[in-house]
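This report refers to the structure that appears directly beneath it.
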Amino acid sequence: MKKLQLNKKVKMVDKFFSEDLSYDEIAVIIRYAKARQKKEFNSFGDYLKYLERLKVPEEKIILIEKLFNEGLPLEEIKRRTNVSYSTVYYYSRLKQRGFASFIDYRNDQAQKRGFKSHYEYVKSLKRKRKKKTNIPQKRKKFMSSTDYMKDVAKRKGFSSLNEYKKFLIKRRKKLLVNKELGILITKKLEEMGKKKSWLADQLGVSNNTIGSYISGATKPAFRFQKKFFELLELPYQTIDDFIRALEKKH
């Protein structure tokens, strides 16, 4: 009986492994599910609000509001408070506009589009994507995430999962953010007189993983990003911060 229940739970987790969800997003959902079991939150929106409060100390929130009221640009506030641009935006302009959270803001944007909530808007987008890709309403059942990815590769016209993965790597290498990040890593390591093996040891990853960052095949996982930029003595907290700086540069 226990084995049957466990198999059902594993299949539920496998459903999360799709093209639309990153591993970090899956981790948030799983942590929310555990918290919901303990009856700590009534909804996913409440859980997201909790995460927002958790990641920003009260003194930083006060400082953001103070600097914003003094008329400083958001980019300068970000630099002084050492938080992400989105965090500064939330505790300044969104608060000024009367939104209690990002969820409230998203719901407001969805309502302007004629939907009851952001959740309803997202469901509508998913339905549209299904129609465009001609995905049948009755989905196949997969034994694992690998089987699912093999099916995706087949539907996209690839002869094997390996060929599909090579295609994805080649596509990622062409992305501007991946190219610029690879160049930046090489440049900073040279300036610091360090090798990629040093960076790999500090992050607790393999040399091949650092090589994939440099080549643009992959980007650092969210859990590594803050430490990654600190080790390279760069002023970013996350890849999103790096992307925003890159957008201004270009």
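The values are calculated or read from the model by the stated rules, or taken from the named source; none is laboratory data. Note that this is a predicted model, so its numbers are computed, not measured. Cβ: placed from backbone, ideal geometry, glycine included. Neighbour counts: every protein chain shown. The area values use the complete protein model at the heavy-atom level, side chains included, leaving out ligands, DNA and RNA. Shrake-Rupley method; radii C 1.70, N 1.55, O 1.52, S 1.80 Å.
Quick check: pseudo-label points 7 Å beyond the Cα along Cα→Cβ at Lys248 and Lys66, how many nm apart are they?
2.3 nm
Expected output is a single nm value to one decimal: the length gained when fully extending between Ser215 and Ala33, i.e. 0.36 nm times separation in residues minus the C-alpha distance. What is it?
61.9 nm is the gain from fully extending Ser215 to Ala33.
Which of Lys130/Lys154; Lys60/Lys194; Lys78/Lys123; Lys78/Lys219 have a Cα-Cα distance over 26 Å?
Lys60/Lys194; Lys78/Lys123
Return the subset of Lys126/Lys170; Lys126/Lys196; Lys173/Lys249; Lys170/Lys227 for which the Cα-Cα distance in this structure is over 29 Å, preserving the input order.
In this structure, Lys126/Lys196 lie more than 29 Å apart at Cα.
Given points 7 Å out from each Cα along the Cα-Cβ axis, report the Leu175 to Asp108 separation in nanometres with one decimal.
Distance between label points: 3.0 nm.
Can you tell me the FRET efficiency between Val122 and Phe167 if r is taken as the Cβ-Cβ distance and R0 is 30 Å, rounded to the nearest 0.05?
0.65
On the protein heavy atoms, probe 1.4 angstrom, tell me the percent of accessible surface of the range 153-250 carried by carbon and sulfur. Kindly include the intermediate steps, with their values, before the conclusion.
Details: 3180 of 6150 Å².
In the range 153-250, the share of accessible area belonging to carbon and sulfur is 52 percent.
As I understand it, the dipole of the range 69-116 uses +1 on the Cβ of Lys and Arg and -1 on the Cβ of Asp and Glu, about the Cα centre. Which of Tyr105, Leu94, Phe115 lies farthest toward its positive end?
Going by the charge dipole, the pick is Phe115.
Work from the charge dipole of the range 161-216 (Cβ charges, +1 for Lys and Arg, -1 for Asp and Glu, about the Cα centre) and give the residue of Val177, Leu161, Gln202 farthest towards its positive end.
Towards the positive end, the residue furthest out is Leu161.
Take Phe142, Phe222, Phe167, Phe99 and sort them by solvent-accessible surface of the protein heavy atoms, 1.4 Å probe, largest at the top.
My answer, sorted largest first, is Phe222, Phe167, Phe142, Phe99.
Give or take rounding to whole Å, what are the principal axis extents of the alpha carbon atoms in the range 135-250, in descending order?
Per principal axis, max minus min of the Cα coordinates gives 53, 32, 22 Å.
Give me D for the range 156-219 in µm² s⁻¹, whole number, from Stokes-Einstein with Rh from the Kirkwood sum over alpha-carbon pairs, 37 °C and 0.692 mPa s.
D = 259 µm²/s.
Among Leu125, Leu168, Leu181, what's the order by accessible area (1.4 angstrom probe), most exposed first?
Most to least solvent-accessible, the answer reads Leu125, Leu168, Leu181.
Find the relative contact order for the range 138-250 and round it to a whole percent, using C-alpha pairs within less than 8 Å whose residues are 6+ positions apart.
On the way: 87 pairs, mean separation 23.1, N = 113.
With pairs under 8 Å counted, the relative contact order is 20 percent.
So what are the range 202-250's ellipsoid semi-axes, whole angstrom, largest first, if each one is the square root of 5 times an eigenvalue of the alpha-carbon gyration tensor?
19, 13, 9
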